[in-house]
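Encoded as structure tokens, the structure appears first; notes follow it.
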Ligand code: ARG
């Protein structure tokens, strides 16, 4: 019999029992649920609402239940509907009368909100750790990359040469912002709804600050209706994860491209590649592809919860039970993606020669040749047009800019002199971009320092 069955004559049929249950999913929250019950029972006793003896029995009973869940001996029964009733009914079975007093001044509505906020805090912490680990790996590989150059792209066309370290650090800044979003989700969840009861508060002289403090919340929620029907903190977590997933997906996409024979920029280690069941030669970047692919589910989970919440009147509605599967899945997925990306980067080989020789095609120094003419007094727009002509001439002859002779250059523009060679050299092109945030080695060194400081602060 369900704990709420007092006013019912019939019992639920098997189909609705299973359809209505959240137990298969929310049993993952047993630790939070038990912690909430411990805090609640201790507060009830402190306030004289239950006896100290009842409290001791409840705490003892909860300890045993937690042990049994952890050792796999706990008997889960779908008829209990959710984690809250599974634990409470087992507690009553084990300790009788005292167990029946635990739910005084409490509802499953503030209980589930408490569990979820505790879980959100733990999950955002876990994700912040994984985020930091990946940032450390990116930083180390940026350091290892030294003065390695590669083509920088816009529209996936060769644009200007950049340092590989600069490219890798771009992702570390995305992840630095993701960390802030995770930390904002942590803060949003960090208020205790316990004591809001079903929707309106309670008639018992409870102490909400006490339960909040013992559960590690930094504050209590201000409005009982809002407290039991708010899932913003879960949306914040899912949004932070969705953006981070998008960032990882972009990096994964680059690794897929870079490991192809067309690019050949990196070789993924065997541990982060798979073979083909039919083509013996294949080495596929499956794990990068999966990181990219899982983004779909993560976005879907965020949108699903937004849609679940959008039409709900205050306060609690059962629709909200649909909140957990997606949020837990997203957090687990992202934890996995972050770890896999860390391992992939740590173990991949950078093919420096391929990166450097890719810089030879696509006229990567074109902007610098225009800048050269500007230094000789020509307005930039004119210089742009002159270099455009040079590029056309090169395309016609199938040669690179540096293969044009000084006479060829001077025929198109008399401002060219011997010193043009300096403007055409790829390393000089990179070295020239010394502006803050630019790709010159000295600017990247400053960036590395800043990125290191951010990791130390986070
Ligand atoms: N299993 C429910 C959920 O996940 C817990 C809260 C149920 N409250 C209620 N009044 N039915 O949302």
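The values are calculated or read from the model by the stated rules, or taken from the named source; none is laboratory data. Since this is a predicted model, take the numbers as computed values, not measurements. Here the Cβ is made from the backbone with ideal geometry for all residues, glycine too, and neighbour counts use every protein chain on show.
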* When residues of segment 273-298 are limited to those that are buried (at least 18 other Cβ atoms within 10 Å of the Cβ) and within 15 Å of the chain's Cα centre (by Cα), the one nearest to residue 245 (Cα to Cα) -> 295
* **Residues (under 22 Å from residue 377 (Cβ atoms) and surrounded by fewer than 19 Cβ atoms within 10 Å (Cβ to Cβ)) located in segment 414-431** => 414, 415, 417, 418, 419, 421, 422, 428
* Asked: In segment 304-331, which residues are loosely packed, with under 14 Cβ neighbours inside 10 Å, touching a helix residue (DSSP H, G or I) at 6+ places or on another chain (Cβ under 9 Å) and in a helix (DSSP H, G or I)?
  -> 306, 318, 319
* To do: Select, from 170, 133, 198, 119, the only residue that is under 18 Å from the mean Cα position of the chain (by Cα), within 16 Å of the ligand (Cβ to nearest atom) and in the same structural domain as residue 345 (by TED's automatic domain parsing).
  => 119
* Please work out if residue 189 is assigned by TED's automatic domain parsing to the domain that holds residue 174, over 28 Å from residue 46 (Cβ atoms) and under 19 Å from the mean Cα position of the chain (by Cα). => no
